[in-house]
Amino acid sequence: MLYRILMTQKLLFDVLCYLSPALVLAVAIRYFSGKVLTAWFLQLPGTVAHELLHTLVGFFSFAGPVSVSIIPHRYRKGMWALGGATFRNICWYNAALVSLAPMLCLPLCGWLVMWRMSTGTALSFMDLAYWYAAANLLIAAKPSSQDFLLATRSWPLIPLALAGWWFWAV
């Protein structure tokens, strides 16, 4: 039992050590993304993942995806969106699922790191690409302010989730 705990802690430490360049790269990408064209170029893989997750979850939750765009557009004076997805049937039961879908980038990033670490621990030139992909997934996992606003349409799910948790816990 102690061996399993120690190995789990070692694995967690190894994952965090492997992810540290990706975290530094994510901060650098966000810092150098002051211009729209630079942000679009640096964050394109993350934008594709973000909008693709919106679309896939929207399809499977019957939100009816209508269009997806990864072309930057201005939505307020001085504010830009790097992409967007539109749906025809956002309602109370699927709004939170669709709008918070980009948070699924976190397990994807974890899967990428675990897969890379399972192939060996020696660093290679390809690790730069893995760190760039992981950094983009970490950036893309943050839902936008519009996503959080849209998630509030699913407020009836909160009492249902709390009741389910209460019945399961008791």
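The values are calculated or read from the model by the stated rules, or taken from the named source; none is laboratory data. Here the structure is a predicted model, which is why all the values come from computation and not from measurement. Don't worry about glycine lacking a Cβ; one is built from the backbone with ideal geometry, like all the others, and counts go over all protein chains shown. For the accessible areas, the whole protein counts, side chains as well, though only heavy atoms, and no ligand, DNA or RNA atoms are used. Shrake-Rupley method; radii C 1.70, N 1.55, O 1.52, S 1.80 Å.
Within the option set T38, T8, being more than 25 Å from P107 (Cα to Cα), open to solvent by less than 90 Å² (accessible area, probe 1.4 Å) and either at pLDDT 90 or above or assigned to a helix (DSSP H, G or I) (or both) holds for one residue only, T38. Is one or more of the residues making up region 93-101 free of Cβ contacts under 8 Å to residues at least 40 places away in the same chain and surrounded by fewer than 17 Cβ atoms within 10 Å (Cβ to Cβ)? No, there is no match, as no residue in region 93-101 is free of Cβ contacts under 8 Å to residues at least 40 places away in the same chain and surrounded by fewer than 17 Cβ atoms within 10 Å (Cβ to Cβ).
Of the residues making up region 56-73, at least one is farther than 27 Å from W92 by Cβ, open to solvent by 20 Å² or more (accessible area, probe 1.4 Å) and part of a strand (DSSP E or B). Among the residues of region 81-92, those that are open to solvent by less than 50 Å² (accessible area, probe 1.4 Å) and free of Cβ contacts under 8 Å to residues at least 60 places away in the same chain comprise L82, G83, G84, A85, F87. For the structure I just gave you, tell me whether S144 is over 14 Å from V15 (Cα atoms), of a type in the set (S, T, Y) and in contact (Cβ under 8 Å) with a residue 12 or more places away in the chain. Taking the combined requirement at face value, the residue satisfies it. Residues that are at pLDDT 90 or above and small (G, A, S) were ranked within region 115-151; the one that is surrounded by the fewest Cβ atoms within 10 Å (Cβ to Cβ) is A129.
Go through region 58-102 and report how many residues are within 18 Å of P45 (Cα to Cα) and of a type in the set (V, I, T). Qualifying residue count, region 58-102: 3.
In region 12-35, of all residues being touching a Leu at 6+ places or on another chain (Cβ under 8 Å) and either assigned to a helix (DSSP H, G or I) or more than 29 Å from F87 (Cα to Cα) (or both), the one that is most open to solvent (accessible area, probe 1.4 Å) corresponds to F32. Among the numbered criteria (1) farther than 14 Å from S144 by Cα; (2) modelled with pLDDT under 90; (3) surrounded by 14 or more Cβ atoms within 10 Å (Cβ to Cβ); (4) not aliphatic (A, V, I, L, M), which single criterion is violated by G78? It is condition (3) that G78 fails. Cβ-Cβ contacts under 8 Å between residues 6 or more apart (or on different chains), taken from a first residue in region 152-164 that is open to solvent by less than 60 Å² (accessible area, probe 1.4 Å) and modelled with pLDDT of 80 or more to a second residue that is assigned to a helix (DSSP H, G or I) and not polar (S, T, N, Q), are listed as S154/A95; S154/A96; S154/L97.
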